[in-house]
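In what follows, a structure is listed as structure tokens, so that the remarks can point back to it.
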Amino acid sequence: MKRLLGLLLLATSAAAGAEPVLHPLFSDGAVLQRERPIAVWGTADAGERVAVTLGTVTRNVTADRSGAWRVEFPALAAGGQPLTLTATGRNGTAARATDLLVGDVWLCSGQSNMEWPLRRTLNGDTEVASANDPLVRILTVPQRTALSPQSTLEGVKWEAVTPQSAAEFSAACWFMVRDLRASQNVPIGAIDSTWGGTRIRPWMDEAAARRSGGEADAALLATYRSDPVAAGRQYGEQFGAWWRRATGDAEGAEPWRNSARLSWSPVPSIGYWEQWADPQFASFNGTVWMRRKVTLTAEEAARGATLALGIIDDYDQTFVNGVGVGSNYGWSLNREYRVPANVLRAGENEILVAVGDSWGNGGFQGPGERLELRLTGGRAVPLGEGWEYSVVRPGLGDPPRAPWDSHAGLGTIYNAMVAPLGSYGLKGVAWYQGESDVGIPGYADRLAGMMASWRGQFRNRELPFLIVSLANYGPQHTSPRPSGWAELREQQRLAAARDPHAAIVIAMDHGEASDIHPVNKQAIGQRLARAARALAYGGRDSASGPEVATARRTPNGIVVDFEGVTNRLRTWSATRAIALELCAETQESCRFADAVAEGSTVRIIDDGRPATRVRYAWSESPVVNLYDEAELPAGPFEVAIR
């Protein structure tokens, strides 16, 4: 009898097993990439047999020990009737996705200029009202971070383009796919995975970041996963090395080791410093030291503690008694740091926090009740009052960022916003990022590493990448000078030039010198679509317009050769091409040059002075007039003279 009851319970348990689950990408309204094998995956109970049907084709699979399953269907042509996808378990329970289309899928990624929503673009109200195409489906990946690659997404859904669904979607991405929809006449899916203010490193997987100069950070991140306290101490030492280089402080004289040498004022209240009613903080962006002293008994110090600081906007590096205990970046992150017993001491203890802000509100968010030192197994020492502040002189530059640092860490965005896309079929990637990497050497290598790793993930070694070169932003100059903005553009150009499946998209003539977020995203979308047609669809037009090939010395001057020119080069509003420079080895040797466009070349008049290289549009906001007859500008560059 007992045996029979056990068998009945086992059968009931099997029948009531969890139904198979499709990955959220395979939901109602999804677009599947045409002309490539279609991979579908999801989860079920470990060992569950799952029958997966797409249209009229069925594949059978068994979920592995972790419950994961994956099948592959034959490639399909675009169009046709909408498909239904089901995943059915042995007991007949099924997950279902309907109204699936076959067409092209584009992933749009990067920082704020790709994130910029349609409603805030040029003629935004009109553009939103006219966004209406049931054969374009859009999906937005939520902004999340993770310390290891994630396999799924939460809160995502495919939506047909309507004014309601498109208003917050990426404007540049929408304008690109709208143009492609008209020229290719197939359904299109667009995935928006973007995050403003982010560097490229968090978008790279850990292996790619390690190969691109991130070995030390990868090692520190590994330490953080197993021992956050030890990692916090190590990173505090890195911060200390940066501080000494930036300030000239001798070791032992830094604020966290000798705070008495600074000038301190009482913090009026725990809350953003813009709320202090102090004129110097009305619109302050910079770094401020915050200090608080706490008295503990020997018994309390021996317990160790957790330091709770609430939300800090943007950045903090926190020390207790001169030892780094934690650091993070993010205007919505709650800071809680473990303080080991060997860091605390009987008597007076000093908490010192470097708080950095780059935009908007800055400082402790508050309220003060959120700040406390929670003694292990004991009382919580309130820290809502008694703080002092000391303003750090400007001009030190940006401190290093911890590799676990939310949306600035090593692979943290990739793990939560790219890795969960798995091997979903893509036609290509549009990438608009770089502003946050200005001044950080090696961008071309990082971009190449990211492209290679994403191609590996999406199982397409020839996956096209469209790279938007930085738009003009910042001062205009009357003489040649160094430009971090121009250096970054050159790194973008080099990464694209070295990659046969990448193309650069020029934006330096569609920005705004006073606004890092130019609203004319229509022009960027059109150029992205043109590059896509050339790179991903076999179009005959050049992807990028005029691109520098070589600079060579001739008896008639220095000749710069261009590729990708439609018909011929021409100079707008002048008989001469402007923004060209001749340079020798030093920056001081650079000077503007007199140049004439001739067919697909530009001839620079030799001024008789030493010259080893040619630069073009080498400025934050260059004024240029060199275009081809497709009205595409020659892109910025720096090349050696042969």
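Provide a single number: the residues in region 402-422 that are in contact with an Asp or Glu (Cβ under 9 Å, 6 or more places away or on another chain) and assigned to a loop (DSSP other than H, G, I, E, B).
Count: 6.
Yes/no matrix, rows are residues, columns are (1) outside the structural domain of Gly360 (by TED's automatic domain parsing); (2) modelled with pLDDT of 95 or more; (3) out of contact with any strand residue (DSSP E or B) (no Cβ under 7 Å at 6 or more places or on another chain):
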residue	(1), (2), (3)
Ala222	yes, no, yes
Phe239	no, no, no
Ala246	no, no, yes
Ser259	no, yes, no
Trp264	no, yes, no
Pro279	no, no, yes
Ser283	no, no, yes
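Restricting to region 282-300, give me the number of residues that are outside any strand (DSSP E or B) and closer than 19 Å to Leu371 by Cβ.
Taking region 282-300 as the starting set, the residues that turn out to be outside any strand (DSSP E or B) are 282-285, 297-300.
Keeping just the survivors that are closer than 19 Å to Leu371 by Cβ gives 300.
Here the count works out to 1.
Taking region 464-500 as the region of interest, how many residues are more than 14 Å from Tyr432 (Cβ to Cβ) and either among the acidic types (Asp, Glu) or in contact (Cβ under 8 Å) with a residue 40 or more places away in the chain (or both)?
Within region 464-500, residues that are more than 14 Å from Tyr432 (Cβ to Cβ) and either among the acidic types (Asp, Glu) or in contact (Cβ under 8 Å) with a residue 40 or more places away in the chain (or both) number 22.
Tell me, which helices (runs of 4 or more DSSP H) lie completely within region 151-239 with 2 or more residues that are of a type outside the set (S, T, N, Q) and crowded, with 20+ Cβ neighbours inside 10 Å?
The qualifying helices (runs of 4 or more DSSP H) are 171-184, 206-209, 215-226.
Would you call Arg303 charged (D, E, K, R) and part of a strand (DSSP E or B)?
In short, no.
Of all residues in region 331-357, count the ones that are in a loop (DSSP other than H, G, I, E, B) and within 32 Å of the chain's Cα centre (by Cα).
3
For region 621-642, which positions are small (Gly, Ala, Ser), more than 28 Å from the chain's Cα centre (by Cα) and either at pLDDT below 95 or more than 13 Å from Thr550 (Cα to Cα) (or both)?
Ala630
Considering only region 438-471, how many residues are at positive phi and out of contact with any helix residue (DSSP H, G or I) (no Cβ under 8 Å at 6 or more places or on another chain)? Please lay out each step first, then the result.
Start the filter on region 438-471 by keeping residues that are at positive phi, which leaves 439, 442, 459.
Okay, now just the ones that are also out of contact with any helix residue (DSSP H, G or I) (no Cβ under 8 Å at 6 or more places or on another chain), so 459.
Residues in region 438-471 being at positive phi and out of contact with any helix residue (DSSP H, G or I) (no Cβ under 8 Å at 6 or more places or on another chain): 1 in total.
Which of the strands (runs of 3 or more DSSP E) contained wholly in region 529-642 include at least 1 residues that are crowded, with 22+ Cβ neighbours inside 10 Å and aromatic (Phe, Trp, Tyr)?
Filter on region 529-642 gives 557-563, 613-616, 637-640.
Does region 240-260 hold any residues that are more than 33 Å from the chain's Cα centre (by Cα), in a helix (DSSP H, G or I) and within 17 Å of Thr287 (Cα to Cα), and which are they?
Across region 240-260, the qualifying residue is only Ser259.
Filter region 320-363 for residues that are touching a Pro at 6+ places or on another chain (Cβ under 9 Å), within 24 Å of Thr412 (Cα to Cα) and buried (at least 18 other Cβ atoms within 10 Å of the Cβ) and give the result.
Passing the criteria: Val325, Gly326, Ser327, Tyr337, Ala354, Gly356.
Answer yes or no: is there a residue in region 67-74 that is in a loop (DSSP other than H, G, I, E, B) and closer than 13 Å to Gly425 by Cβ. Show your work before the answer.
Kept after step one, since they are in a loop (DSSP other than H, G, I, E, B), are these residues of region 67-74: 67, 74.
When the remaining residues are screened for being closer than 13 Å to Gly425 by Cβ, the result is 74.
Yes, region 67-74 contains a residue that is in a loop (DSSP other than H, G, I, E, B) and closer than 13 Å to Gly425 by Cβ.
Does region 461-469 contain any residue that is out of contact with any Asp or Glu (no Cβ under 6 Å at 6 or more places or on another chain), of a type in the set (Lys, Arg) and under 21 Å from Leu580 (Cβ atoms)?
no
Which residues, taken from region 80-121, are within 33 Å of the chain's Cα centre (by Cα) and in a loop (DSSP other than H, G, I, E, B)?
Gln111, Trp116, Thr121
Any idea which residue in region 245-274 is farthest from Asp314 (Cα to Cα), counting only those that are without any contact (Cβ under 8 Å) to a residue 60 or more places away in the chain and surrounded by 15 or more Cβ atoms within 10 Å (Cβ to Cβ)?
Asp249
The values are calculated or read from the model by the stated rules, or taken from the named source; none is laboratory data. All figures in this text were calculated on a predicted structure; none of them were measured in a lab. Backbone-built Cβ (ideal geometry, glycine too); neighbour counts: all protein chains shown.
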